[in-house]
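Values quoted throughout were computed directly from the atomic coordinates according to the rules given, and no laboratory measurement underlies them. Since the model is a prediction, treat every value here as computed from it, not as a measurement. Neighbour counts run over all protein chains shown; Cβ positions are idealised from the backbone, glycine included.
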C-alpha cells in the first residue's frame, strides 16, 4: 500500500505546528500564569483577574514546571504573560495566602499591598498606592528562587518605579495587619569586582618588569606590555562599575561603559598581535 507523499507532508506540518504552538510562550515561563479559567471574547482576547490578554500575549501549552525547575507534561491549558500587559509584582506566597511566621497560610481577608511608587521625575514625587487596586500592576505568584528575604528594618525606605515595562522594586514602606512579602531577588557577587581589582597590581608589576629590563623590550615584550596594560585598565573600570559607584543614567556611567569596551578591545587586539608574533616565530 502506497502512501501519498502529500498526506505525509501535511501530517508532519500539522504535527510541527502543534508542537510549536505548545512550546512557544511569548515570555519566560516564570513570568507567566495560568489563565485557562479566564473569559474569552469574540476577538480571541482573554480577560483574567481584570487583565486583558490579547492573543499575542498567551499560548496554549502542554507542560508545567514543579518549583520552577522540573519540567513535566500535562494536559493542554492556556498560559498568559501579565508582564507584557502590566507592570509586574511577584508575590512569594500563592494566590489567596499570606506569609505568617514564614509560612504561607490561607486568608479570608482582602489582600492589600501598600507601597511607595515614584515616577522618578525631577521632583521625584512619591505616591502610596494599593497595588491590588491599581490597574497599572499585575501579580505573579510563587518564588522562582530560594535567595529571597524580607525588607523589614525601620530604615528600609524604598519604592516601586513606574518607568518601564517591569516594576523596579526597592522595598515595602507600609505594613498591614498580616505580613505580605514581595519577593526581591538581588544577588550581588562582590567577589567578582574584588577579584578583578586584586589582579590589577600583578598586571601592573608585569608591565613595569618588562618596561625596566631592556632585554625584554623586544617585539613580543612590547606587545605583552600593551596587553597587560589594557587588561589592568579594563578590569579597574569594570570593577568600579560593578561595585555600583556610578548611577545607571549618569554621564560617568556612560563614559565608564565606553572605557571598558575600549580597553578590552585594546587588550584583545594586542593579544592577536602576540599570537601572530608567536606563529611567525615558530612557523
Ranked 99, 265, 91, criterion: other C-beta atoms within 10 Å, fewest first: 265, 99, 91
Find how much the distance from residue 75 to residue 28 grows on full extension, using 0.36 nm per residue of separation minus their present alpha carbon separation; answer in nm with one decimal. 15.0 nm
Most exposed first by the Cβ proxy, i.e. fewest other Cβ within 10 Å, how do 136, 274 rank? 136, 274
Mean Cβ count within 10 Å, highest first, over the residues of peptides 51-59, 64-72: 51-59, 64-72
Mind ordering 215-223, 38-46 by average Cβ neighbours within 10 Å, highest first? 215-223, 38-46
May I ask you to derive the FRET efficiency for residue 282 and residue 213 from their Cβ-Cβ distance with R0 = 25 Å, giving the value to the nearest 0.05? 0.60
Burial order of peptide ranges 75-81, 199-205 (average beta-carbon count within 10 Å, highest first): 75-81, 199-205
